[in-house]
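Here's the structure, in structure tokens; my notes come after.
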Amino acid sequence: MDEKDVQDEVSASTEYADAENPVGASEKKTINEEALQESGAENGGAAEAGSCAEDSQEEDSAIKIAELTAKCAELSEQYLRKVADFENFRKRMQKEKQEAIDFANQNLLLDIIPVLDDFERAFKAVDDSSKTATDFTAFRDGVKMIEQRLNQTLENKWGLKRFDSKDAPFDPVRHEAVMMEKSSDIKEAVVQEDFMKGYMLKERIIRTAKVKVLMPE
């Protein structure tokens, strides 16, 4: 109820009271002033309560905004850190992969190097000798030993095995025919001569043998 309504109500009450029990002007004035003071106090209290409620809501909103802003900043920092960690991980994996490719055959080459040393010593011995028949035989035997050592190293440590093909049935998976000859003495194709040895890595043929094949007439 606003102040005007209160005044109207007070005036109506006063007029009714005057009709029932007339009083002096001063007493009427006092009654009116007291009624107006009570109405003003009520309206002021309501306004003050509404203002306090609005201030409380604004304060709560400001606290929530501050909390959400801080949380957003924290999550953003965590995201950037994760992105940086992943990028470093990706670069490290790329580097390790490339190193694995570059040095994949390191152990194999370390096994071959001593064989190269043997060849170097053999050639040096020939250069220092008088080149007699005996020296040539010794050189040949030395080179043969080097070949055997290399084949044994490759087979025992790396699974690389050389296979012979002479007199074996012709197999297009294992053999590559570079020459052919007809023969009435055979009933199926047979390898007559092995021009270049074939090699297997474990159970897989990695190079076919180049051979001469006898074909039945």
Note on segment 164-192: residues within 14 Å of ILE205 (Cα to Cα) and either loosely packed, with under 13 Cβ neighbours inside 10 Å or not assigned by TED's automatic domain parsing to the domain that holds LEU214 (or both) are ASP164, PRO172, VAL173
If we keep only residues of segment 187-212 that are of a type in the set (Gly, Ala, Ser) and in a strand (DSSP E or B), then the residue farthest from the chain's Cα centre (by Cα) is ALA209
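Which of the following residues is surrounded by 10 or more Cβ atoms within 10 Å (Cβ to Cβ) and either outside any helix (DSSP H, G or I) or modelled with pLDDT of 85 or more (or both): LYS124, LYS97?
Working: LYS124 fails: either outside any helix (DSSP H, G or I) or modelled with pLDDT of 85 or more (or both).
Of the residues listed, the single one that is surrounded by 10 or more Cβ atoms within 10 Å (Cβ to Cβ) and either outside any helix (DSSP H, G or I) or modelled with pLDDT of 85 or more (or both) is LYS97.
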Residue pairs qualifying under the 8 Å Cβ cut-off, at least six apart or on distinct chains, with the first in segment 194-216 being under 17 Å from LEU154 (Cα atoms) and the second being loosely packed, with under 13 Cβ neighbours inside 10 Å and among the β-branched types (Val, Ile, Thr), are TYR199/ILE206; MET200/ILE206; ILE205/VAL173
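The values are calculated or read from the model by the stated rules, or taken from the named source; none is laboratory data. Source: prediction; values computed, not measured. Every residue, glycine as well, gets a Cβ built from its backbone with ideal geometry; the counts of neighbours run over all protein chains shown.
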